[in-house]
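The next block holds one structure in the form of structure tokens; read it before the comments.
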């Protein structure tokens, strides 16, 4: 818990951290941290149309940040916690800079990771995150020593939980009448057939 508290302190001071999830490692900052979100986008070299994902403790938090109909909720309930990111219409609670600029959507997930769950519980709020895949890399970074080497002072902390996965989450768009897989990742999608 001491290390979790240290990571939370860095986040509360406006830091960007690398943390392990149930899929791959991710970059994360506080939900309202504009400079943190910009730093994550710069590290990833993505523009504002790339969804940053809100890491939430459970589905009850999702309702505050996304408009969720019954069928979407049932699907998310069956798949969470787990390695899935859901694209949903954003509520007014989501800062515009976190929403897709044209679609007004947001990415949300509930990770099945003790480390992330402990951070979120200590923090009492969701985190903004993005897969820790650097420009030109085929896979996300998975070794904390390599993150330290390649990122250096560009992140404020690396939560070392050992080697991570090389695969990101499965991204499912729930804004249409049927779920659409935008990225096949660690989470299986055979249930959609």
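Size descriptors for the chain (Cα atoms only): Rg and Dmax, in that order, 15.4, 45 Å.
Please give the calculated 222 nm ellipticity per residue for the chain, where each DSSP H segment of at least 4 residues contributes -39500 (n - 2.57) and the sum is spread over every residue; nearest 500 deg cm²/dmol? Result for the chain: -8500 deg cm²/dmol, rounded to the nearest 500.
Measure out, as a whole number of angstrom, how far apart the alpha-carbon centroids of segment 102-126 and segment 142-193 sit. With segment 102-126 and segment 142-193 each reduced to a Cα centre, they are spaced 13 Å. Bridge orientation summary for segment 1-151: considering DSSP beta bridges with both residues in this region, about 85 percent are antiparallel. Placing pseudo-labels 7 Å out from each Cα toward the beta carbon at residue 180 and residue 5 gives an inter-label distance of 4.7 nm.
Helix 34-44 and the longest principal axis of the Cα set of the chain meet at an angle near 90°. From the alpha carbon centroid of segment 2-17 to that of segment 73-96 is 24 Å.
Taking label positions 7 Å along the Cα-Cβ direction at both residue 48 and residue 34, the computed distance is 1.0 nm, reported to one decimal. Subtracting the Cα-Cα distance of residue 78 and residue 163 from their residue separation scaled by 0.36 nm leaves 27.9 nm. For segment 112-177, the normalised intensity computed at q = 0.12, 0.19, 0.24, 0.26 Å⁻¹ comes to -0.41, -0.94, -1.28, -1.35 (log10 of I(q)/I(0), Debye sum over alpha carbons, equal scatterers, no solvent).
None of the figures in this text is laboratory data; all of them are computed from the coordinates on show. Owing to the predicted nature of the structure, the values given are computational and were not obtained by experimental measurement. Note that each Cβ is placed from the backbone with ideal geometry, even for glycine, and that neighbours are counted across all protein chains shown.
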